[in-house]
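No value in this document is a laboratory result; all are computed from the given coordinates. The shown structure was predicted, so the numbers you read here are calculated from the model rather than taken from an experiment. Reconstructed Cβ throughout: ideal geometry from the backbone, glycine too, with neighbour counts over all protein chains shown.
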Amino acid sequence: MWSTYAKATGSANYLSPDLSRYATAGARDLLVRALYNYKKEGVVTRGAPVNHPTVARLATTEKPPQATVRDCMDSSQWRRYDRNGKLIDTTPPRPRLVRAELASYDGSWKTTLLVVNKGGTC
């Protein structure tokens, strides 16, 4: 999901159909809103986050099957730029705790809830 989202932030493409392959419900809405705001503000990104996900909970007997994934996301190489190509954040962001709730639909896992904490939280 993050590589697809990072690609979309490179052009602030809030209409990217690829996001629906990996995110649904509140998670997809959160990502689309952020992309829409980037587009409105003339912000794009370069680079990509580095993820270190771990499965914190797996419930395969639930209908649908569900999982919780925790990550200490490093976005220090995933930077924001204005429409003139000027770096917006001059201080690299610190690693942040990310929690994702996933559900399996027809054998495909999708993120349903995404909580991205402030930098320095992991």
Does the stretch 16-40 hold any residues that are in a helix (DSSP H, G or I), more than 25 Å from Cys122 (Cβ to Cβ), without any contact (Cβ under 8 Å) to a residue 12 or more places away in the chain and not polar (S, T, N, Q), and which are they?
Lys40
Which numbered condition Thr91 misses (of (1) over 16 Å from Met1 (Cβ atoms); (2) among the hydroxyl-bearing types (Ser, Thr, Tyr); (3) in contact with a Phe, Trp or Tyr (Cβ under 8 Å, 6 or more places away or on another chain))
(3)
Residue tally, condition in a loop (DSSP other than H, G, I, E, B) and loosely packed, with under 15 Cβ neighbours inside 10 Å, over the stretch 52-75
7
List the number of the failed condition for Arg57; all other conditions in (1) more than 19 Å from Ala6 (Cβ to Cβ); (2) touching a residue at least 60 places away in the same chain (Cβ under 8 Å) hold.
(2)
So, of the residues in the stretch 77-88 that are touching a residue at least 24 places away in the same chain (Cβ under 8 Å) and either out of contact with any Leu (no Cβ under 8 Å at 6 or more places or on another chain) or surrounded by fewer than 13 Cβ atoms within 10 Å (Cβ to Cβ) (or both), which turns out to be nearest to Ser3 (Cα to Cα)?
Trp78
Looking only at the stretch 92-122, count every residue that is part of a strand (DSSP E or B) and exposed (fewer than 15 other Cβ atoms within 10 Å of the Cβ) and tell me the total.
6
Report, by residue number, each residue of the stretch 41-51 that is surrounded by 13 or more Cβ atoms within 10 Å (Cβ to Cβ) and in a loop (DSSP other than H, G, I, E, B).
Val43, Ala48, Pro49, Asn51
Any residue at all in the stretch 82-91 that's part of a loop (DSSP other than H, G, I, E, B) and closer than 19 Å to Thr121 by Cβ?
yes
Identify the single condition in (1) in contact with an Asp or Glu (Cβ under 7 Å, 6 or more places away or on another chain); (2) at negative phi that Cys122 does not satisfy, given that it satisfies every other one.
(1)
